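Asker: Below is the structure I would like to discuss, written out as structure tokens.
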Amino acid sequence: MVPDPFFNKANAQQITPMEKSKTSGYAPVNGLNMYYEIYGNDAMPLVLIHGGGSTIETSFGTILPFLSGYSKVIAVELQAHGRTNDRNTPESFEQDADDVAALLKYLKVDKANILGFSNGGTTTMQIAIRHPEIINKIVVVSANYKKGGMIPGFFDGLQNATLADMPALLKTAYLKVTPDKNRLQVMFNKDRDRMLNFKDMTDDDLRSINAATLLMAADQDVITIEHTVKMSHLIPGARLVILPGTHGSFIGEVCTVTNGSKLPEVTATLVEEFLNE
């Protein structure tokens, strides 16, 4: 079974107030019943957008207790992921951006900070481009804006990838919240196809982002450091942090988290300081 970060001993004292403040629900969004969770009651929320193939728990289960300690958090699950259903359209980062914007409108949130991990980071940039009026600040974690930003070999074999190639922890986590293997297969297919058909954003797209931006990546990430540095030069005034680790490890993502690591807490502190500037 997937280890549940909400209930490990290290986080036990932080979890209780967080869980007490939690509300969850489904929003009718662009043909979806979109699942969301809300923690806390502060005026300016931090929206969390997970990576491909993931749930709220797998991307953010470790870091969420730290983030919710100082900010209202709204965590979402995108099309076909986790508890959110699918619709008869391919996945796209543009559509995901529109879905998150519609969710915030449904929740009567006029403006928010947004943190996205991996594919969720690409979606976050699309929100900043397509819906700048709802953005306060963005945190883009280990995401690319061009297909060439991935490390060499990333796309090798993706064309022939099957569900058997999906990390077991992600499969188990999906089935824990949505016990339907057919829906799991659909999510995998749509995630794979979106990456195969990745449409590059332009340099001018990034130059158009007017929200204060923090870019974060690991020194052994699947996004090259050079690509992340270039993004930091294109987005006006962007801040850049490179942390030790692999894809997702510094936020405690379930496939790469290191037991006992302080990096997720460090990351949450850096995010907090950026949002409070």
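The values are calculated or read from the model by the stated rules, or taken from the named source; none is laboratory data. On a predicted model such as this, the values are computed, not experimentally measured, just so you know. Cβ placement follows ideal geometry from the backbone for every residue including glycine, while neighbour counts extend to all protein chains displayed. These accessible areas exclude ligands, DNA and RNA; they are computed on the full protein's heavy atoms, side chains included. Shrake-Rupley method; radii C 1.70, N 1.55, O 1.52, S 1.80 Å.
Asker: Is at least one residue of the stretch 55-70 surrounded by fewer than 19 Cβ atoms within 10 Å (Cβ to Cβ), hydroxyl-bearing (Ser, Thr, Tyr), farther than 20 Å from Thr122 by Cα and out of contact with any Lys or Arg (no Cβ under 9 Å at 6 or more places or on another chain)?
Answerer: yes
Asker: Can you find, within the stretch 184-217, the residue that is most open to solvent (accessible area, probe 1.4 Å) among those that are in a loop (DSSP other than H, G, I, E, B) and among the small types (Gly, Ala, Ser)?
Answerer: Once the filter is applied, the top-ranked residue is Ser208.
Asker: Here's another thing I want to ask about it. Based on this model, can you work out whether Val271 counts as in a helix (DSSP H, G or I), surrounded by 23 or more Cβ atoms within 10 Å (Cβ to Cβ), within 15 Å of the chain's Cα centre (by Cα) and at pLDDT 95 or above?
Answerer: Spelling it out, Val271 is indeed in a helix (DSSP H, G or I), surrounded by 23 or more Cβ atoms within 10 Å (Cβ to Cβ), within 15 Å of the chain's Cα centre (by Cα) and at pLDDT 95 or above.
Asker: Got at least one residue in the stretch 218-226 being touching a helix residue (DSSP H, G or I) at 6+ places or on another chain (Cβ under 9 Å), assigned to a helix (DSSP H, G or I) and open to solvent by 20 Å² or more (accessible area, probe 1.4 Å)?
Answerer: Yes, some residue in the stretch 218-226 is touching a helix residue (DSSP H, G or I) at 6+ places or on another chain (Cβ under 9 Å), assigned to a helix (DSSP H, G or I) and open to solvent by 20 Å² or more (accessible area, probe 1.4 Å).
Asker: Oh, and also: Does at least one position in the stretch 249-267 carry a residue that is hydrophobic (A, V, I, L, M, F, W, C), open to solvent by less than 40 Å² (accessible area, probe 1.4 Å) and in contact with a strand residue (DSSP E or B) (Cβ under 9 Å, 6 or more places away or on another chain)?
Answerer: Within the stretch 249-267, one or more residues are hydrophobic (A, V, I, L, M, F, W, C), open to solvent by less than 40 Å² (accessible area, probe 1.4 Å) and in contact with a strand residue (DSSP E or B) (Cβ under 9 Å, 6 or more places away or on another chain).
Asker: Do you know which residues across the stretch 137-167 are assigned to a helix (DSSP H, G or I), closer than 22 Å to Ile223 by Cα and open to solvent by 40 Å² or more (accessible area, probe 1.4 Å)?
Answerer: The answer is Lys147, Gly148, Gln159, Asn160, Asp165.
Asker: Within the stretch 93-136, can you find the residues that are among the charged types (D, E, K, R), open to solvent by less than 30 Å² (accessible area, probe 1.4 Å) and either out of contact with any helix residue (DSSP H, G or I) (no Cβ under 8 Å at 6 or more places or on another chain) or in a strand (DSSP E or B) (or both)?
Answerer: Answer for the stretch 93-136, where residues must be among the charged types (D, E, K, R), open to solvent by less than 30 Å² (accessible area, probe 1.4 Å) and either out of contact with any helix residue (DSSP H, G or I) (no Cβ under 8 Å at 6 or more places or on another chain) or in a strand (DSSP E or B) (or both): just Asp99.
Asker: Suppose we filter the stretch 64-105 for residues that are β-branched (Val, Ile, Thr) and more than 12 Å from the chain's Cα centre (by Cα); how many remain?
Answerer: Residues that pass the stated criteria total 3.
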